[in-house]
Structures are given as C-alpha cells and as structure tokens.
Amino acid sequence: MKKSSFIALIMGTLGGLLFALGMCMCLLPEWNAFKAGIILGCVGIVLGVITILTWCKMENKKLPEMNGKTIFRIIYGIVAALVFGTGMCMCLIWQQIVFGTLVGLLGIIMLIALIPMIKGIK
C-alpha cells in the first residue's frame, strides 16, 4: 500500500467516524447533544474535504472537474445512500421489516450502480 493511500484511508475513516458520531448526537434525543453533534459532524465533513485535497496533492493529481456529469453522480450517490438508510430505518425503528428490506435492497442496487457510472463498463 502506498503512503498516500494509507494516509487517505486513516484520514477518511476518522472523518467518516466523526461525521457519523456527530449525526448520532444530533438525531438521538436521549443523548441531549444537538449543538455538539452539529460541530462534530462539520469537523468530520471538513476532515473529509482535507483528505481529498491531501490525497490529490500526494498523488500529484488534479481535482476532478465539476461538470454536469460529476454533479449528477454526486447527487445520485447521496440519493442512493438516503434510500438505503431509509430502508434501514424502516426495519430497525419503524418495524416494517418487509418494506424496509425491499427499500434497503433498492438502495444497495442503486449504490452498486455507481460503480459502472464512475468506472464505466469495458
């Protein structure tokens, strides 16, 4: 594993964990930590952006162009993750196992469809 990949792995994981913990702090009223959760979630997002910039710098690569295709892929990925999360919520919180499983599977299929969208089919 290259040094740049290892550093990106560690920073990305830390940023994702901070973001996830911040969102849990915001969304679970039992924790009573809404404001601290917002701050922690924002720190996670900033660390994620720093990770991308650091990796590009270490690999001597330019940042991806922000054209319509890239913006569509980003929006599609966000929607797919939300569909997957909704399916999980339907199963775990709302006790709608059958419909939640179906919605979760749709989210998984949507996320898997991102691979050929980004890499292409050869």
**Prompt:** How about region 51-71: which of its residues are hydrophobic (A, V, I, L, M, F, W, C) and either surrounded by 13 or more Cβ atoms within 10 Å (Cβ to Cβ) or touching a Cys at 6+ places or on another chain (Cβ under 9 Å) (or both)?
**Reply:** I52, W55, C56, M58, L63
**Message:** When you scan region 26-33, do you find a residue that is at pLDDT 90 or above and either assigned to a helix (DSSP H, G or I) or touching a strand residue (DSSP E or B) at 6+ places or on another chain (Cβ under 7 Å) (or both), even just one?
**Reply:** no
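Consider G44 carefully, then state whether it is under 20 Å from A81 (Cα atoms), surrounded by 13 or more Cβ atoms within 10 Å (Cβ to Cβ) and assigned by TED's automatic domain parsing to the domain that holds M1.
Spelling it out, G44 is indeed under 20 Å from A81 (Cα atoms), surrounded by 13 or more Cβ atoms within 10 Å (Cβ to Cβ) and assigned by TED's automatic domain parsing to the domain that holds M1.
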**Request:** Mind listing whichever residues of region 42-70 are closer than 19 Å to S4 by Cα, of a type in the set (K, R) and assigned to a helix (DSSP H, G or I)?
**Result:** K57
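The values are calculated or read from the model by the stated rules, or taken from the named source; none is laboratory data. Computed from a prediction, not measured in an experiment: that's the story for all the values here. Please note: Cβ atoms are built from the backbone with ideal geometry, for glycine as well, and neighbour counts cover all protein chains shown.
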